[in-house]
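Below: one structure, written as structure tokens.
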Amino acid sequence: MCDNRRRTYCCVFVCLNNSSIPELSLFRLPIEQDRRLQWLHLIDREYLKNKSQPYHVVCEAHFHPEDIMKNSVRKLLKKIVCRV
């Protein structure tokens, strides 16, 4: 069976992780401007600073395990800066 859903890819350069990997969580870029700019600077994507799209995400591979909280339904990111 073919999966025709659109995949969302991590926006960190050279990272090919995407939404087709069920055990991998993807985190949207922060809405809060200061944190957003910090993340964008760390992933060298400053040109996205004024674009707010749901498909601009960073995968959990770019965070330390202690930065991620797990509940019974999903993984949540603690309020920190991306660690690329």
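A short reminder: the numbers here are calculations on the coordinates, not readings from a lab. Since the model is a prediction, treat every value here as computed from it, not as a measurement. Neighbour counts run over all protein chains shown; Cβ positions are idealised from the backbone, glycine included.
For Asn71 and Leu37 in one chain, what is 0.36 nm times their gap in residues minus the Cα-Cα distance, to one decimal in nm?
Taking Asn71 through Leu37 to full extension adds about 9.5 nm, to one decimal.
Could you line up Tyr55, Tyr47, Tyr9 from fewest to most neighbouring Cβ atoms inside 10 Å?
Lowest to highest Cβ neighbour count: Tyr47, Tyr55, Tyr9.
Taking other Cβ within 10 Å of each residue's Cβ, how do Phe13, Phe27 sort, fewest first?
Phe13, Phe27
Using Cα positions and a limit of under 17 Å, work out the aspartates and glutamates in reach of Lys70, with same-chain residues fewer than 8 apart set aside.
Here the aspartates and glutamates satisfying the reach criterion relative to Lys70 are Glu23, Glu60.
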